[in-house]
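Each reported figure results from applying straightforward, stated rules to the coordinates on display, with no laboratory input. Every value quoted in this text rests on a predicted model; they were computed, and no experiment measured them. Glycine gets a Cβ as well: all are built from the backbone with ideal geometry, and neighbour counts include every protein chain shown.
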Amino acid sequence: MQSPKASDITAMHQELVDQVKNNGHIRSARVEAAFRAVPRHLFLPNLAPAEVYRDQAIAIQSINGQVVSSSSQPTIMAIMLEQLQLQPGHRVLEIGSGTGYNAALMAHIVGTTGEVVTIDIDEDIVEAARKHLATAGFGHVHVICADGGLGYPDAAPYDRIILTVNAADITPAWHTQLKPRGRLLLPLVLRGPQASIAFLPVKDHLESLSVRACGFVGLRGAFAEADTLVQLSPEINQLTLRLGEARPVDAQAIYALLQSPTQDIPLPITFQAQEPFFGPGFWLALHEPQFCLLSASGPPAEQGIIPSLIQFPGKNTTTIGLLTENALSVLMRHPISPSADTIPAGESYNLYIRSFGSADLLAQQLKKQIMAWNAAGRPAEQQLHVKAYPQDAACNLKDSDIVITKRWTKFVYSWQ
């Protein structure tokens, strides 16, 4: 097979940028210019350009079957760069180097008067990112092998700090290395779902400026959180359970629950497209420590072992719900209804609660939360407001505020 011509690669590159822009994710001239100027294939040299120039994430390293590093989907990269609001001359710290592509985009925006430092914990990833950046003309980007939880004090303070790995807490280093008027952007884990949150320092705390749903691999090293992913089948990642909070569970007992008799309860409200995932998903995760997310791919998905709520093209079937020791209740579409991904905009569909085991009370609790979300105006993650205080700080709370305290940070969540 002949290699594609340079002109064909350029066309694929620009068509991808057009797609991301036309979908509304590239909004500013600086972000557009960076995407048009920096070719993604230089950072994924072992893949065919036709594969590189799709709007998809591409795994670049796995450990024991788990992806630990990837080249992020261009859409979420654009969303986060718009959240970051980079300016020429900015000094930027990136935690999670990946291929180096995101660092190159940022270096293009901050220009010759700015500085980009990117950190990764894996020496192989660091060496590859350095090589890719040099090939693309961004050899001046500093690529450091270190634990990202410690930041990089040698080049601090920073106008912007961005994580391209998820974290469940904000480490002290990210606070202290950020300028007083700087911006911290990270994929924050909210008991399962992740949201890319741009934080701004406000007096004694950080306050969110924007919140967008996302999905990233986790922070590794000394600051990594306990894993909440449970494998329910011998085949890695074919049938998984993601817990809202780390707790001991019996994978065999949960698998047995999935084979047990079920009861389906209709919900008296309708939904559109992927609304259940980005609306009730975040609401449930923040209100219910027993929140869980079930995913199936390959044979388990084909066999319908878990009920389907959302089907991600080419990936898996996913649903969300609540889990106790002896009961499971999850949201599902009616078995004969079309996939939420194929429902035309503006059309609605019904959801059910499917209960496994002795789940009557659990099903009623799940229904209560869905109806509370509906009564609150059906907020999605973009209406979420987050304040991040030092762990032991006093703060004024409203009755509707949700407080989740981590090792270093007290997170206060509310919907606006």
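Some points to look at:
- Listed by chain and number, the aspartates and glutamates whose C-alpha is less than 15 Å from the C-alpha of LYS21, apart from same-chain residues fewer than 8 away, are GLU32, ASP55, GLU82.
- Basic side chains Lys and Arg get +1 at the Cβ, acidic Asp and Glu get -1 at the Cβ, and with that the dipole of the chain about its Cα centre reaches some 800 debye.
- Size of electric dipole in the stretch 1-92: Cβ of Lys, Arg +1 and of Asp, Glu -1, about Cα centre, debye, nearest 20: 240
- Chymotrypsin sites (Phe, Trp or Tyr not before Pro) within the stretch 345-416, DSSP loop, no more than 14 other Cβ atoms inside 10 Å: none
- Kyte-Doolittle at least -0.5, axis length at least 20 Å by Cα - qualifying DSSP helices, the chain: 6-22, 360-375
- Classified by the C-alpha gyration tensor, the stretch 139-275 has a prolate form. Its axis ratio a/c, with a ≥ b ≥ c, is 1.5 or above, and a/b is larger than b/c.
- Per residue of the chain, the DSSP helices (runs of n ≥ 4 H) give a summed -39500 (n - 2.57) that works out to -7500 deg cm²/dmol at 222 nm.
- Put simply, the amide H of LEU209, placed in the peptide plane, has neighbours under 5 Å in ALA198, PHE199, LEU200, leaving out anything fewer than 5 places away on its chain.
- For the stretch 180-257, the list of trypsin sites (Lys or Arg not before Pro) that fall in a loop by DSSP and count at most 12 other C-beta atoms within 10 angstrom reads LYS203.
- Unsatisfied cross-links (Cα-Cα over 21 Å) in the set LYS368/LYS406; LYS179/LYS203; LYS179/LYS387: LYS368/LYS406
- Gyration tensor verdict on the stretch 217-284 (Cα atoms; rounded if a/c is under 1.5, prolate if a/b is larger than b/c, oblate otherwise): oblate
- Whole-angstrom gap from the stretch 54-88 to the stretch 391-415, using each part's C-alpha centre: 29
- Chymotrypsin sites (Phe, Trp or Tyr not before Pro) lying in DSSP loop within the stretch 233-299, provided at most 10 other Cβ fall within 10 Å: none
- A cut-off of 5 Å between modelled amide H atoms, ignoring neighbours fewer than 5 places along the same chain, links ASP401 with no other residue.
- Lys/Arg +1, Asp/Glu -1 at C-beta; the chain dipole; positive extreme among THR405, GLN231, ASN46: THR405
- Taking a ≥ b ≥ c as the square roots of the eigenvalues of the Cα gyration tensor, the stretch 1-127 is oblate, since a/c reaches 1.5 or more and a/b is not larger than b/c.
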